[in-house]
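Heads up, the thing below is written out as structure tokens.
The values are calculated or read from the model by the stated rules, or taken from the named source; none is laboratory data. Given the structure is predicted, the values throughout are model-derived calculations rather than measurements. So basically every Cβ, Gly included, is an ideal-geometry build from the backbone, and we count neighbours across all protein chains shown. Accessible surface areas use protein heavy atoms only, side chains included; no ligands, DNA or RNA. Shrake-Rupley method; radii C 1.70, N 1.55, O 1.52, S 1.80 Å.
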Amino acid sequence: GLQSQVMATKTIPIVLLVLLVGSARAHPRRYMWHLGMNLNPADGHIMGYTVGWHTGTQIGTNTTALSMDYLDHYVWIEPADYIAIVRHQHGVIDALKVFQFRYWGLSLLDRFKDMNPGRRIVSSGGPIQEEVAWDAENIDDDPIFGVGGELAFNWQYTNNGHRIVLTGGHLSALGVDDDNTHGLGNDFCCDPLKGITQRDGQSQHEISTIQDCPFPSCRNHKVQGTDHGPYSRMKTGPVYGNYAIYISKGANHFPPVGTELNIVVEGTRSRI
């Protein structure tokens, strides 16, 4: 009768609440990392200082995103609060660092277009996650994993430019032409304020190693792989791995070393 109808009416909201709570528990929020760039220093394509970084032009395809040079135009224009730099061997992580950006809400395109005056320290608090596999090789002079400090973007001095470096390495003073800063996306002969290479790109090189090799006294500047210009100081060295750059708005923890990578990787979020 009437009493049973009233009880049924009261029961419906309770059932809906239970269903909603159960649904939230069954589908917790997922925090994703998105691949913005991959660097392979021996694939025949040179990602120096002037290629892709400040234009966001698509480079490569999804099918070879983790085996050749790659830039995802859509990820490059997405706001990013966290960045992961991941060294990998054929898609399997052997070293990684995660940083929190000092200024949130800017895309990688925003950050790499900021070349004049450049020399931006873009992270704060140092790495919030840092892992190196026990069997990882060539770590001591790795430009990312062999030095500490904060991330710096667009490090320019005289006619030199470096897209990603760490403050724990040697950062050349503004007016000193020593060719002695080392990182990812490098060029020793360019207009670093405009992102234009010079002398037909003879001094561009994709990935360097940590070394003390100042110009003009040092004539043997070791770079990783064959992806460099024909400048006589550039000496082809071993490839330490591919370097992948992932961004996220919410995730601040990356899957551990030994994980197989994909274009999108599920991470986690923890208190910093």
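Quick test of your reading of the structure: Asp135 fulfils all but one of (1) free of Cβ contacts under 8 Å to residues at least 24 places away in the same chain; (2) open to solvent by 70 Å² or more (accessible area, probe 1.4 Å); (3) outside any helix (DSSP H, G or I). Name the failing condition by number. Unmet for Asp135, out of (1) free of Cβ contacts under 8 Å to residues at least 24 places away in the same chain; (2) open to solvent by 70 Å² or more (accessible area, probe 1.4 Å); (3) outside any helix (DSSP H, G or I): (1). Screening Thr50 with (1) open to solvent by less than 40 Å² (accessible area, probe 1.4 Å); (2) under 21 Å from Val239 (Cα atoms) gives one miss only, at (2).
Residues checked against (1) out of contact with any Gly (no Cβ under 6 Å at 6 or more places or on another chain); (2) modelled with pLDDT under 95; (3) under 15 Å from Val51 (Cα atoms):
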| residue | (1), (2), (3) |
| --- | --- |
| Phe145 | yes, no, no |
| Asn154 | no, no, yes |
| His162 | no, no, yes |
| Leu171 | yes, no, no |
| Phe188 | yes, no, yes |
| Gln204 | no, no, yes |
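When restricted to residues that are outside any loop (DSSP other than H, G, I, E, B), open to solvent by less than 10 Å² (accessible area, probe 1.4 Å), out of contact with any helix residue (DSSP H, G or I) (no Cβ under 9 Å at 6 or more places or on another chain) and of a type outside the set (D, E, K, R), the stretch 91-102 contains 5.
For the stretch 110-132, state whether one or more residues are in a helix (DSSP H, G or I) and in contact with a helix residue (DSSP H, G or I) (Cβ under 7 Å, 6 or more places away or on another chain). Before you say what the answer is, go through the steps one by one.
Kept after step one, since they are in a helix (DSSP H, G or I), are these residues of the stretch 110-132: 110-113.
Imposing the further condition that a residue be in contact with a helix residue (DSSP H, G or I) (Cβ under 7 Å, 6 or more places away or on another chain) reduces the set to none.
No, the stretch 110-132 contains no residue that is in a helix (DSSP H, G or I) and in contact with a helix residue (DSSP H, G or I) (Cβ under 7 Å, 6 or more places away or on another chain).
Candidates in the stretch 150-179 are the residues that are open to solvent by less than 30 Å² (accessible area, probe 1.4 Å) and small (Gly, Ala, Ser); of these, the one that is farthest from the chain's Cα centre (by Cα) is Ser172. Listed by first and then second residue, the pairs with beta-carbon distance under 9 Å, at least 6 apart or on different chains, first residue in the stretch 247-259 and at positive phi, second open to solvent by 40 Å² or more (accessible area, probe 1.4 Å), are Gly258/Val92.
Restricting attention to the stretch 103-132, the residues being loosely packed, with under 15 Cβ neighbours inside 10 Å and on the phi > 0 side of the Ramachandran plot number 2.
Being at positive phi, in contact with a Ser or Thr (Cβ under 9 Å, 6 or more places away or on another chain) and either among the charged types (D, E, K, R) or at pLDDT below 95 (or both), is that true of even one residue in the stretch 210-220? No, the stretch 210-220 contains no residue that is at positive phi, in contact with a Ser or Thr (Cβ under 9 Å, 6 or more places away or on another chain) and either among the charged types (D, E, K, R) or at pLDDT below 95 (or both). Has the stretch 258-266 got any residue that is in contact with a Lys or Arg (Cβ under 8 Å, 6 or more places away or on another chain) and either at pLDDT 95 or above or open to solvent by 70 Å² or more (accessible area, probe 1.4 Å) (or both)? Yes - at least one qualifying residue is present in the stretch 258-266.
Taken together, the residues in the stretch 195-223 that are more than 16 Å from Met47 (Cα to Cα) and in a loop (DSSP other than H, G, I, E, B) amount to 11.
Please indicate, with yes or no, whether at least one residue in the stretch 224-232 is in a strand (DSSP E or B) and open to solvent by less than 30 Å² (accessible area, probe 1.4 Å). Even if it seems obvious, please write down each step before you answer.
So in the stretch 224-232, the residues in a strand (DSSP E or B) come out as 224-225, 228.
Now drop any that are not open to solvent by less than 30 Å² (accessible area, probe 1.4 Å), which leaves 224-225.
Looking for residues that are in a strand (DSSP E or B) and open to solvent by less than 30 Å² (accessible area, probe 1.4 Å), one finds at least one in the stretch 224-232, hence yes.
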